[in-house]
Amino acid sequence: MTDVMALARERTQLFRDVIDGNIPKRVPIFVSFSIEFAIQYAGKNLMEAQWDTGQLEEIFDQICRDFYSDLLPVNAFRFPSFYRLLGARNFVMSSNGFLQHPEVEGLLQEEYDDFIASPYNCIIEKILPRIYTELDTDASTKALALAKAFKAFHDEMGTAIMIYGRLNQKYGYGDVNFFAGFTEAPFDFISDQLRGFKGISTDIRRVPDKVEAAVEAATPLMIKAGMQPFPSKYNATFIPLHMAPFMRTKDFERFYWPTFKKLVEALAEAGHPSNLFVEHDWMRYLDYLYELPENTIMRFEYGDPKLVKEKLGKKHIIAGFYPVSLLKTGTKQQCIDKAKELLDILAPGGRYYFDFDKVPITLDSVNVENARAVLEYVAANANY
Amino acid sequence: MKDLGKKERLLIRLVEQLDEENVVKLADELLNDGMDPLYLLDLVNEGMNRVGKLYECKDYYIADLIMAGLIFKQVLELDKMTTHFYVKHNNKIGKVLLGTVKGDIHDIGKDIFRGMLEANGFEVIDLGVDVPKELFLKKYEEYKPDILGLSGVLTNTVDTMKEVVDAFVEAGVRDKVKIIVGGNHLTEEICKFIGADNFANDASVGVKVCKEWMNGIKEQGVIDNG
């Protein structure tokens, strides 16, 4: 067995131990960098490289070479080609080449009943043409636009997946995948794609019964979306969480939690663990998170790591908390001290892997030297 | 706010409960019964203060503030209110030039901030999203605002915000305007790094800062708002 294969086995074992509830040899590290960060780090043009995905192997390779991680530290899945072919309004590029999600309204408030009656038909007939301008046309032109976009999507994803495979082999990354599927909490789906942040915030007061019925109607679709091709306890479906911290607890209990819990439970029952990005401040919801199926992966952006470890650390898998902003403003020593502090709190008892609180999105959002130093510190010192 | 009648107290409570339909109905009724629009505004403001308090003690969240802003706007748009305030709308407490900085196209935080500023009597010039530093500077020259508000969601906006502040320094107008930066990722150190006068992670804090600045400016009489 080659050294790289041995390394991959060792790294796979670190994560399997975390998932199996055993104490691994060392705290595993899984950080990721955005495609924008990677392109800038490689000194390439942001616009060009996102369109010409053939360049990505060389670009991602530099991240793998220079930043320690036990799993592949790059993962891009939103490419401008297919969004542009669709005339997308929900993912657009800003003037500096940064693809972003603006506020969209795919469903009008007066159309809730249509969605509730048949979410799938409503998405096809009303919502897609509104979000994707190229689909707002006659049936045959629409079919062609959709075919082109899907061709682009499969081409881009095919290229990306091949690149990931080669980098996994070259660098000996562990064989677990926390992004093996993707879905959203039903309430977040309704908010992000259908009604917008402002729209949903007023809907829960103006038409609460309809919102409740709509999230329920969306749940089977969200479950289906989150299913992976093969069940495995070592692969997870990624669910980035969004709206809950911005809502009253009372509203969360009624509109957000029941269907979200149903989603995670249904995925778990089918053999797919969930990997949650717990965005913003969820500290008042920790008791709810505890109720989710055992071994749900939770990467925290914010909050009290001690409390999280105490309340959730024996049942779930915790990650995150390391403030990317410190990598920008702190000295190298301050950055390493912060890592030590978090390891002391989160590592005991296992069920923890090291990650930042959020993905560094552009080169200038961190001091690269600090980021490297922290990762190397954890890799060398976080032994059990 | 002493000796309030039953309906006045009800209006304040309805605002506090964010009962949109009944606030608008009752406000309209009170105006038609001859209530002074300014007095009505005081009552609604009192309700809004209570909403603010509920927000501070975490009974209300952003979603509720959005609703509050909407209710406020609807009250201001009632016929009797617009006719009254069109006549004397020049008593704004300050002028704010606002925009999301270049590279970032998020507008929710900026829009909430704008709504709350307007509800608090500020005149706001909103330059939209993805705004280059040159445009901030040009519009500054045109409008001479008291305050410049830079918004951003993406963490890389730190450098972009700094570039805007630097552009104001270079143009020699940095000391003529207060600068506030807003975004969830901002901290005191980052604010210093950017060179802004203050920062806010939250729209209501931002409005408070702006109000305090305007009070300070009025006391010193440095800037003439008239």
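The values are calculated or read from the model by the stated rules, or taken from the named source; none is laboratory data. Computed from a predicted structure; not experimentally measured. Cβ sites come from the backbone with ideal geometry, for glycine too, and all protein chains shown count toward neighbours. Areas reflect the complete protein model, heavy atoms only, side chains present, ligands, DNA and RNA absent. Shrake-Rupley method; radii C 1.70, N 1.55, O 1.52, S 1.80 Å.
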Kindly list the number of the only condition in (1) buried (at least 23 other Cβ atoms within 10 Å of the Cβ); (2) at the interface with chain A (Cβ under 10 Å from one of its Cβ atoms) that fails for B:VAL164.
-> (2)
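Can you name the residue in the stretch A:97-119 that is of a type outside the set (A, V, I, L, M, F, W, C) and in contact with a Leu (Cβ under 7 Å, 6 or more places away or on another chain) and, of all such residues, is nearest to B:PRO132 (Cα to Cα)? Spell out how you get there, then give the answer.
In the first step, residues of the stretch A:97-119 are kept if they are of a type outside the set (A, V, I, L, M, F, W, C); the result is A:97, A:100-103, A:105-106, A:109-114, A:118-119.
Pick out the ones that are also in contact with a Leu (Cβ under 7 Å, 6 or more places away or on another chain) and you get A:97, A:106, A:119.
On the way: A:GLY97: 14, A:GLY106: 29, A:PRO119: 41 Å.
Result: A:GLY97.
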Among (1) assigned to a strand (DSSP E or B); (2) open to solvent by 60 Å² or more (accessible area, probe 1.4 Å), where does A:THR237 come up short?
-> (2)
Identify the residue in the stretch A:263-292 that is open to solvent by 30 Å² or more (accessible area, probe 1.4 Å) and in a loop (DSSP other than H, G, I, E, B) and, among all such residues, is nearest to the other protein chains (Cβ to nearest Cβ).
-> A:HIS280
Yes/no for B:GLY195 being within 15 Å of the chain's Cα centre (by Cα), surrounded by 16 or more Cβ atoms within 10 Å (Cβ to Cβ) and modelled with pLDDT of 90 or more = no
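Which of the following residues is open to solvent by less than 50 Å² (accessible area, probe 1.4 Å) and in contact with a Phe, Trp or Tyr (Cβ under 8 Å, 6 or more places away or on another chain): B:ASP104, B:ASP126? Walk me through how you get there before you give the answer.
Working: B:ASP126 fails: in contact with a Phe, Trp or Tyr (Cβ under 8 Å, 6 or more places away or on another chain).
On inspection, the qualifying residue turns out to be B:ASP104.
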Assuming B:GLY109 fulfils every condition listed in (1) within 14 Å of chain A (Cβ to nearest Cβ); (2) farther than 20 Å from A:VAL104 by Cα; (3) open to solvent by 20 Å² or more (accessible area, probe 1.4 Å); (4) in contact with a strand residue (DSSP E or B) (Cβ under 7 Å, 6 or more places away or on another chain) apart from one, which condition is it?
-> (2)
In the set B:LEU30, B:LEU65, B:LEU54, which member is touching a Phe, Trp or Tyr at 6+ places or on another chain (Cβ under 7 Å), of a type outside the set (Asp, Glu) and either at pLDDT 90 or above or open to solvent by 30 Å² or more (accessible area, probe 1.4 Å) (or both)?
-> B:LEU54
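The rows are residues; the columns are (1) of a type outside the set (S, T, N, Q); (2) assigned to a helix (DSSP H, G or I); (3) on the phi < 0 side of the Ramachandran plot.
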{"residue": "B:LEU137", "(1), (2), (3)": "yes, yes, yes"}
{"residue": "B:LEU148", "(1), (2), (3)": "yes, no, yes"}
{"residue": "B:THR155", "(1), (2), (3)": "no, no, yes"}
{"residue": "B:MET161", "(1), (2), (3)": "yes, yes, yes"}
{"residue": "B:LEU186", "(1), (2), (3)": "yes, no, yes"}
{"residue": "B:GLU189", "(1), (2), (3)": "yes, yes, yes"}
{"residue": "B:ILE217", "(1), (2), (3)": "yes, yes, yes"}
Consider only pairs whose beta carbons are under 7 Å apart and that are at least six residues apart or on different chains; among these, list those whose first residue lies in the stretch A:29-49 and is of a type in the set (D, E, K, R) and whose second residue is at pLDDT below 95.
-> A:GLU36/A:LEU46; A:GLU36/A:PHE98; A:GLU36/A:ILE361; A:GLU36/A:THR362; A:LYS44/A:GLN55
Can you tell me which of B:LEU18, B:LEU43, B:LEU11 is within 19 Å of A:THR202 (Cβ to Cβ) and not assigned by TED's automatic domain parsing to the domain that holds B:VAL205?
-> B:LEU18
Quickly run through the stretch A:330-381 and pick out the residues that are within 14 Å of chain B (Cβ to nearest Cβ), part of a helix (DSSP H, G or I) and open to solvent by 40 Å² or more (accessible area, probe 1.4 Å).
-> A:GLN334, A:LYS338, A:LEU363, A:ASP364
Qualifying position, being more than 14 Å from chain B (Cβ to nearest Cβ) and touching a residue at least 24 places away in the same chain (Cβ under 8 Å), among A:ASP251, A:ASP175, A:ASP203 | A:ASP175
Of the criteria (1) open to solvent by less than 50 Å² (accessible area, probe 1.4 Å); (2) outside the structural domain of B:GLY195 (by TED's automatic domain parsing), which one B:VAL131 fails = (2)
